[in-house]
Structures are given as structure tokens and as C-alpha cells.
Amino acid sequence: MSQLGLDMTYDDPSGRRPRNRERSAKGPVLIALLSLVVIGMAVFLAIKSVSGGGASDYEGDGSGSAVVVVHSGDSLRIIGRSLTTAGVIASEDSFVQAASVDTRSQGISPGSYTMKLKMSATSALNLLLDPTSRVVNKLAVPEGWRVSRTIAAAAKATGIPVADLKASLARAPELGLPAYAQGEPEGFLFPATYAFGPDATADKVISALLDRFAKAARDTDLEAGAKALGRTPLEVLTVASILEVEAAPGDYDKVARVLYNRLDSGMRLQLDSTVNYALNSADLNLTAEQLATDSPYNTYRVKGLPPGPINSPGEAAIQAALSPAKGKWLYFITTDPQTQTTEFATTYDQFLLLKRKYLANVG
């Protein structure tokens, strides 16, 4: 039996095989299938984007603790990677997705944070945005502290060895110490409260204290003010440091006037505070032997100001040293230590009367 005509269709009487029509029929079907695949993938990705689709994530607020450091310039993905490495979250993708829908994520600050283990990405983000979760070491430096005490406190607050801080202090001119300090940092580690992260270095600590002094110097216009007084910035700072020890804040400007009047008249300052600095002590009543100490800081023996500050003065003392009260006083004495009452005299005889008053009050 002949095979002719078996492939023929009713609408193709010629008997020829319709090859081109078969190909043209398959083409649209293939395109349609590909379109469906593309649409399906788009829908899948959209659902994944909205729902977190597939990004591994923990649930809840977690437990335990871990410290994570966010460095300046870290992207959200890098932060997510750090959190994942520390075991805080399940994946960096989950953090990126949580942060991408929360505009607050742009406000994550550099620093060290105390986190919990196995937190949800959203919980981790919220903790990074909570200032109380930041790990900081606080250093409080009161007015009137000497360098030695400040360094000891900085070591205790930050865990940095005293030897490392002293090494940085020796490089103070490279870290911000002004040229007029003549290489001596005493008086220039400004009294304030500082916050340092766990990764703080000795150089960073010393630089922070010196930078804060630089701000105070600008705020008080120290250099221009000293020039107007006919003094150097170092001399003004030295006077301010004496005020921190010798006077109550309310008397700073009047005691500053006494110091300048004595300097201008060629009188010795005769201050126990400067002798105490030379002796590295803080005695209220010095002996005759102590008052005879051979030191440029002994203002009972040496005329003029000591070589430099005897502690770190605050802005109020610096401002008083720049703007002393008007008056002709040459003496001052705290006649009642309990109430911190200080009285002033222009003559030695007046001073002796005030001294008797002091002795009566202290018994």
C-alpha cells in the first residue's frame, strides 16, 4: 500500500507537508511559556522582597550577650555581616531587608554595641538605634586635677595601661598640644566628661583631652585676651590654675586681680598651692622646711609666676584670669574655711587683721 497522502490534511489537497506552518505554530507557544516563567520569577522576587522571602532570620529579642563594633562608613550589609559573624542574627540579608524598610537605619552611629544572641533582624536594628546599648567608657576630669591624676583616672576608665598613656603624653605636641605650652602638657588636659569606646587608643584619649582644651581656648579667646593683658597664653593659664586651688569660683576674678597686682609691683606671690605642686602634695599647712623648698614653683622664694600651670583649669577660671576684677588689693585670705569666705586687703596691716580673724575661726 502506498504511503502517499497519509500526512495530508483536508485543507491541503496538494499533498505537500505544511512545514512552515508547524514551525510558526510552535514559536508563539514558546514565547508565551517564557513570558509566564519571567512573570512568575518577578512575582516570586516581589513576594520575597516584601516578606523577607527566604532570608534566614531568628525570632524574638534573643538572649545572652555579644559586643559588635560599627565602624565609621560601614554599610548596612557590612553591619549585617558583623552581626551575623557575632551570632546576633541569622543572616546579613535579613538585616539588610529589615533596615531597607526603616528610614531610621541611616542613623546608626559608629561605636561598640552590647547586643543579644539569636535576635531577629528587626530587634537587632532597634537595639543598634538605642543609645543605651552603646558601650562607652566614661572619663570625668574635674577642674583642678593635675596631669598625674588625670592619667591615672584615664587608665582606670579605659583599661589602657598608664605606661601607654604616658608614652602618648610624651608625644603631646604631635597630638594637639599648642606651641605656647613649651612641650609641657600640665594644664592642657581639659577638665570635662569624655566617652571612649572599647577600641580607644592612648593617642585617641590624649588627643581628645587636648582637643577639648583647644575648644575652650577658642571659646574664651585665650590668645587675644592674653595679648590684651600684656601676658602670654601660658601665663594666663598658669594664673587660672592657681585660681582653681586658691579661690572659690565666686572670688576668681578678685583673686586674679591680687595676683596681677603683686606681679606688677614686683612682690612674690607666696602661694602654698605652688609649693604643694613642687612637693607633689596637697598640705593645708606647710612647714618652714617645706616653704624653703628649692624649686621654680616655690613662689615664696622666686618672684613672678611659676614656669607653668599647676593643674588643669576650667573655663570659668580661664575667663577670670582674662578678665580680673578692678581693685588695688595685694592680699587675700579665706577667713572662714567652713563658709569659704575670702576677704581682701590692700595693706599688710589689714592682712594681719584678717589673719587674726582666720585663726579665730579655725580655733
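All of the numbers you see were taken from the coordinates with simple rules; none came from a lab. All values reported here derive from a predicted model rather than from experimental measurement. Please note: Cβ atoms are built from the backbone with ideal geometry, for glycine as well, and neighbour counts cover all protein chains shown.
Taking a straight line from the alpha carbon of K138, these lysines sit under 25 Å away, with near neighbours fewer than eight places off in the same chain left out: K116, K156, K166, K204, K215.
Exposed loop sites are taken as trypsin sites (Lys or Arg not before Pro) in a DSSP loop (any state but H, G, I, E or B) with at most 15 other beta carbon atoms within 10 Å; the longest stretch of the chain without one runs 17-170.
Using the Karplus relation 6.51 cos²θ - 1.76 cosθ + 1.60 with θ = phi - 60°, the per-residue 3J(HN,Hα) values for the range 277-288 come to 5, 4, 8, 6, 9, 8, 5, 7, 10, 8, 7, 4 Hz, with x marking Gly and Pro.
Separation of the range 328-353 and the range 116-152 by C-alpha centroid, Å? Taking the Cα centre of the range 116-152 as reference, the centre of the range 328-353 is 46 Å away.
Of the residues F332, T299, Y58, the one whose Cα sits farthest towards the positive end of the charge dipole of the chain is Y58 (charges of +1 on Lys and Arg Cβ, -1 on Asp and Glu Cβ, taken about the Cα centre). Listed by chain and number, the lysines whose C-alpha is less than 25 Å from the C-alpha of K326, apart from same-chain residues fewer than 8 away, are K227, K254, K303, K355, K357. Enter the Cα centre distance for the pair the range 218-255 and the range 276-314, rounded to the nearest angstrom. Here the answer is 18 Å between Cα centres.
Using Cβ point charges alone (K and R +1, D and E -1), the dipole size of the range 63-134 about the Cα centre works out to roughly 120 debye. If you take the charge dipole of the chain about its Cα centre, with +1 on Lys and Arg Cβ and -1 on Asp and Glu Cβ, which of G183, V96, T122 is farthest toward its positive end? It is V96, whose Cα lies furthest towards the positive end. Relative to the dominant Cα principal axis of the chain, helix 348-362 is inclined by about 70°.
Once both axes come from the Cα atoms, what is the angle between helix 202-219 and the longest principal axis of the chain, in degrees from 0 to 90, rounded to 10? Orientation of helix 202-219: about 70 degrees from the principal axis. Taking the chain as a Gaussian network of alpha-carbon nodes connected by springs under 10 Å, the highest mean-square fluctuation of the residues L305, L129, L234 belongs to L129.
Across the options A167, A321, T346, the greatest Cα extent toward the positive end of the charge dipole of the chain (unit charges at beta carbon of Lys, Arg, Asp, Glu) belongs to A167. The value of relative contact order for the chain, using C-alpha pairs under 8 Å at least six residues apart, is 12 percent.
Using the Cα gyration tensor of the range 63-134, with a ≥ b ≥ c the square roots of its eigenvalues, what is the shape: rounded (a/c below 1.5), prolate (a/b larger than b/c) or oblate (neither)? Rounded shape, in that the Cα axes give a/c under 1.5. Rounded to the nearest 20, the size of the Cβ-charge dipole of the chain about its Cα centre is 560 debye, with Lys and Arg at +1 and Asp and Glu at -1. Which label marks the calculated value of Rg and Dmax of the Cα atoms in Å, given the options (i) 38.4, 152; (ii) 27.4, 105; (iii) 22.7, 75? So the calculated entry is the one marked (i).
Dipole check for the range 137-219: with +1 at the C-beta of Lys and Arg, -1 at the C-beta of Asp and Glu, and the Cα centre as origin, the magnitude is about 180 Debye. The Cβ shell under 12 Å around V96 holds other residues with a net charge of -2, Lys and Arg each +1, Asp and Glu each -1. In this structure the amide hydrogen of G197, modeled in the peptide plane, comes within under 5 Å of the amide hydrogens of N137, none closer than 5 places in sequence on its chain.
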